[in-house]
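Some notes on the structure that comes next.
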Amino acid sequence: METFKYTAKSSKEIVKEFNSDSSRGLSSKKAKELLLKYGHNILSKSELQWWKILARQFKSAFIYLLIIASVISIGLREFIEGAMIIIFLLINAGLGFFQEYRSEKTVKLLKKYIISYVRVWRDNKKIIIKSEELVPGDIIFLETGDKIPADVRFLETENLIVDESVLTGESMPVNKISDTLKNEAGAHYQALNLGFSGTAVLKGEAKAIVIASGFKTAMGKIAKLSTETKRTSDFEKGIAKFSSFILKLIIVTLIIVFLANILIKGHGLNIIELIIFSIALTVSVIPEALPVVTTFALSSGAMALAKKKIIVKRLSAVEDLGGIEVLCTDKTGTLTQNKLAVTDIYAPNGKSDDVLFFANLASSFDQTKKLEPFDIALCDKLDKASQKEVCSYTISKECPFDPNIRRNITLVSKKSNQTLITRGATESILPLCKNIPAQEIKNIKNWLIKEGELGHRTMAVAYKTGAKIKNNLEQENDFDFLGIVSFSDSIKQSAYQIAKQAKLLGVKIKIITGDSPEVAGAVAYKIGLISSPQEVITAEQWEKLKPQKKREALEKYSVFARVSPEQKYAVIEALQVDHTVGFLGEGINDAPVLKIAGVSLVVDSASDIAKESADILLLQKDLKVILDGIEEGRKIFANTAKYIKATLISNFGNFFAISVASLLIDFLPMFPLQILLVNLLSDFPMIAIATDSVDKNELKSPKKYEIKDIVILSITLGFLSTVFDFIFFALFYKISPGVLQTNWFIGSILTELVLIFSIRTKFSFLKAKRPSAVLSILSIVAILATVIIPFTYLGQHLFMFIRPSLNHLVIIFGLVIAYFISTEALKLIFFKKLNGNLLEKTSPA
């Protein structure tokens, strides 16, 4: 591989080869020239291609069946029927194309929020640019949690460990160096001084020069365009299961109807006419608007969520969000402001200023703009003179905060004097300190309990000077204990409503935090999540329980304290056994948990690796935003379910009625073209069902698609639909074929349209939320078209209708009203008897 040649070249040689400068970087002018030469640092150049989206509209078992039906019709010289099926196909494909094209543009728009940035030297300044603007020769800086944005040669490294599994498949992390190799590397695993695009920095820091970008990188050359695992959502699985069931049912029923006609009517049967009739019946029962309805619902939901600062990386994640039963999160920044202020200092020797000063020395004091809330609070507490004194020191070496050991370590120097400082969780600092009296430890514990009960976070500080410092700072001990700083973190106003809103949605919130039990319990108690501050379990206590007790503890406790990344993984994995879990993560250590969570969410400030593992990106770190998203997901489920219920009940009711009627009379109860028109007019307003309002009752708990419940509902209310179809048949079949066909056509569409307004709610129509304006308007348009078409020239000559009489229209509308009342009554009885367990099966929450 071409980049391997740089493994055996010195840093100076490589920097010179790329006409760069390791201390100044490239100039902006040179970078622009190189960008034109090498192109943007991206692996995929895929554009939104309309023809691909159009082709996708025809990739469905339902569509294949319709295409076969049109080919058979044309082959039997029934050109009008064949052409009409094709026209209806094109109308459906056109609607689907319009919605999917719009949704693809939505996803493209949302992806603008998911941009990777990198720190780089340009014009002798350290600036932040988009990763796609990197060019060979750029000098970049990497740290823990970063995804390496291009192929690089390391110039300087500090405890650098990289995960290259995405490239090599090797699960063991690799220790990287900046030294020149004696021999040129022959494989990725040998290239210890190179970093490859798409791999992840697990630990440490580095300064590096870009040696390849875009398609010239190792990733580009092996055409691995994405490290994201494509997975099928619960929503997609439910729709696929439903579609498969419908297809099988249609085929079996058609075979029975076809054979029954042959057996009953014998030699006098017109086989070609029966084939065309069977084809039309097939078309009538296929819910071909389902892809349009779901796509419209999901894309509309994605845009609605974007307005609420929630960005979805895949459309089906919108509905998955609604399926969350347990939402796990840290408290910091979600329930609290994460804007800290120093409230108190515990200093055994009374020198609280020393505690504050050394705590600042172990901060990122060399950065102009501080990002860490603890560092900001500590700096704000110092007076101007002390701030100036802190800045007179130089950071020689540091280990960033590690959630496994719960502390950070910094080596600072001033002139020839070196001081090593460590700060973090008190229980992590005290064992490293020497000569602390037992009474002092008791005093410390009492002070910590008092601060914890107030909801204050704490940071212990220790230091050592003089002695020779080891290369591995983490192995240092024998520190001198200085004291402890306590911080207040105000609770967000929105947090006080979270427990109530979660309860209304049937969502359990679990706080999983590295904070102490006292602090975590105090915050959870204040917002009403737990009834006592003591209702907290530590990860260590949970791990010691027997398997059954562990499971019981997961249900009993809402707050888990002192949780390490590995313990967090174990807790989420255990919860996943019985629940659909949503997990809000942020750091690199959350990436494994994000991958196993049912729905993974990250905030915009999360590490690159965490973002890559997540389904949903939050532009605002607030649990209320997530709960709003869950509500939106449930609305989408409810509206998609309405379409499935309405189309199955009416389509199967008509399907069975017309099939049976064809056996009782010597003419067709409805011409194939008339059946196709019924299908078109009844489906027309169905598309708008995605915009419908949803009853609050539908949002109370997560729902799942259950074919068994769909069948029960379809048979129950579908039977009623069939009864009314036979009433239409009995009233008009003796008058003339034209009267039956025309009146049954009008009745079929009108009953299906009023069914939408009944089945859209589990309550009485009068007590339910008002239907959306779009649904109401389109339904009125469909009703007018249904009544008017039989009076037109086209209706009478192409579709073979006759002009309906006023008396017959009165009878039809009377039957439609009776059908609506009957449906309402049966629906209420049915829901009451089965306690609301119909299409949506409520999961334990």
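Odds and ends about this structure:
- Looking at the chain, the accessible area is 45 square angstrom per residue; that uses a 1.4 Å probe and ignores ligands, DNA and RNA.
- When only alpha carbons are used to place a centre, the range 14-44 and the range 553-582 end up 46 Å from one another.
- Tyr64-Asp578 pseudo-label distance in nm [points 7 Å out on the Cα-to-Cβ vector]: 4.2 nm
- Distance between modelled label sites at Ser244 and Lys450, nm, 7 Å Cα→Cβ extension: 6.5 nm
- Projecting the Cα atoms of Cys391, Val135, Val810 onto the dipole axis of the chain, where Lys and Arg carry +1 and Asp and Glu carry -1 at the beta carbon, places Val810 farthest toward the positive end.
- Between His40 and Ser27, the simple spin-label model (points 7 angstrom out along Cα→Cβ) gives 2.6 nm.
- For the residues Arg153, Arg122, a 1.4 Å probe over the protein chains yields an accessible-area ranking, largest first, of Arg122, Arg153.
- When each of Lys734/Lys767; Lys125/Lys624; Lys182/Lys203; Lys331/Lys595 is checked by Cα-Cα distance, pairs over 30 Å: Lys734/Lys767; Lys125/Lys624
- Accessible surface of the range 351-470 [probe 1.4 Å, protein heavy atoms]: carbon and sulfur percent: 51 percent
- Gain on full extension, evaluated as 0.36 nm per residue between Glu17 and Lys125 minus their Cα-Cα distance, stands at 36.7 nm.
- Rounded to 5, the percent of DSSP beta bridges in the chain classed as antiparallel: 75 percent
- Across the range 715-836, C-alpha contacts under 8 Å between residues 6 or more apart give a mean separation that, scaled by the residue count, equals a relative contact order of 38 percent.
- Segment Glu372..Trp51, full-extension length gain: 110.7 nm, with 0.36 nm per residue of separation and the alpha-carbon distance subtracted.
- Shape call, the range 636-739: gyration tensor on alpha carbons, a/c limit 1.5: prolate
- Kyte-Doolittle mean at least 0.0, axial Cα span of 30 Å or more - DSSP H helices of the chain: 79-110, 234-265, 623-664, 707-732, 737-759, 806-833
- A 1.4 Å probe, protein heavy atoms only, puts the accessible area of Met84 near 20 Å².
- Read-out P(r) over Cα pairs in 20 Å bins from 0, in percent, derived from the coordinates shown; its label in (1) 15, 44, 32, 8, 1, 0; (2) 13, 36, 28, 17, 6, 0; (3) 12, 24, 21, 22, 18, 3, 0: (2)
- Helical runs assigned H by DSSP (4 residues or longer) give the chain a calculated mean residue ellipticity at 222 nm of -15500 deg cm²/dmol, each run adding -39500 (n - 2.57) before division by the residue total.
- Taking all Cα pairs closer than 8 Å and separated by 6 or more residues, the relative contact order of the range 367-516 comes to 18 percent.
- Linear extension gain, Gln337 paired with Gln475, 0.36 nm per residue minus alpha-carbon span: 46.2 nm
- Length-normalised contact order of the chain in % [C-alpha pairs under 8 Å, at least 6 apart]: 12 percent
The values are calculated or read from the model by the stated rules, or taken from the named source; none is laboratory data. This structure is a prediction, so every number in the text was calculated from the model and none was measured. When we count neighbours, we look across all protein chains shown, and the Cβ atoms used for this are built from the backbone with ideal geometry, even at glycine. With ligands, DNA and RNA removed, areas are computed over all heavy atoms of the protein, side chains included. Shrake-Rupley method; radii C 1.70, N 1.55, O 1.52, S 1.80 Å.
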